[in-house]
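**Student:** Have a look at the structure that comes next, please.
The values are calculated or read from the model by the stated rules, or taken from the named source; none is laboratory data. Predicted, not measured: the structure shown is a model, and the values here were computed from it. Cβ placement follows ideal geometry from the backbone for every residue including glycine, while neighbour counts extend to all protein chains displayed.
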Amino acid sequence: MSKIKLKEIAHGRSGDKGDAANIGIIAYDEKGYELIEKYLTVEKVKKHFEGICHGKVERYEMPNIRALNFLLHNTLGGGGTVSLKHDAQGKTLAAALLRLELDG
């Protein structure tokens, strides 16, 4: 099995839901969706954001649009209006996740 960067098979968007970061990963095609569905697990995302995500990670599957949505709880330092983090709305987290390497 070879490694593939997530950004080669998908694009993403991210933002905030209070203190939780919301990351959507959308595969470019069906084969890409099969890979992210299989290999982009809650555990991988939690490990990738170790030190940033201090709560649980939830994953939601949307096969009709070839996407996965992740909620990273306790990640944004209280949320946009109270956080002292540089990225209080989590806008850069999708780009950070797209650097993850998957087995493929």
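**Student:** Looking at segment 48-71 only, could you name the residues that are touching a Leu at 6+ places or on another chain (Cβ under 8 Å), free of Cβ contacts under 8 Å to residues at least 12 places away in the same chain and among the acidic types (Asp, Glu)?
**Tutor:** Result: no residue meets the conditions.
**Student:** Given the conditions (1) surrounded by fewer than 19 Cβ atoms within 10 Å (Cβ to Cβ); (2) in a loop (DSSP other than H, G, I, E, B); (3) under 12 Å from the mean Cα position of the chain (by Cα), and given that Cys53 satisfies all but one, which numbered condition is not satisfied?
**Tutor:** Among (1) surrounded by fewer than 19 Cβ atoms within 10 Å (Cβ to Cβ); (2) in a loop (DSSP other than H, G, I, E, B); (3) under 12 Å from the mean Cα position of the chain (by Cα), Cys53 violates only (1).
**Student:** Inside segment 1-32, can you point out the residues that are closer than 17 Å to Ile52 by Cα and among the acidic types (Asp, Glu)? Give the steps one after another, and end with the answer.
**Tutor:** Filtering segment 1-32 down to residues closer than 17 Å to Ile52 by Cα leaves 14-23.
Those that are closer than 17 Å to Ile52 by Cα and among the acidic types (Asp, Glu): Asp16, Asp19.
**Student:** Of the residues that make up segment 78-94, is at least one at pLDDT 95 or above and under 13 Å from Leu6 (Cβ atoms)?
**Tutor:** Step one: of segment 78-94, the residues at pLDDT 95 or above are none.
Among the residues of segment 78-94, not one is at pLDDT 95 or above and under 13 Å from Leu6 (Cβ atoms), which makes the answer no.
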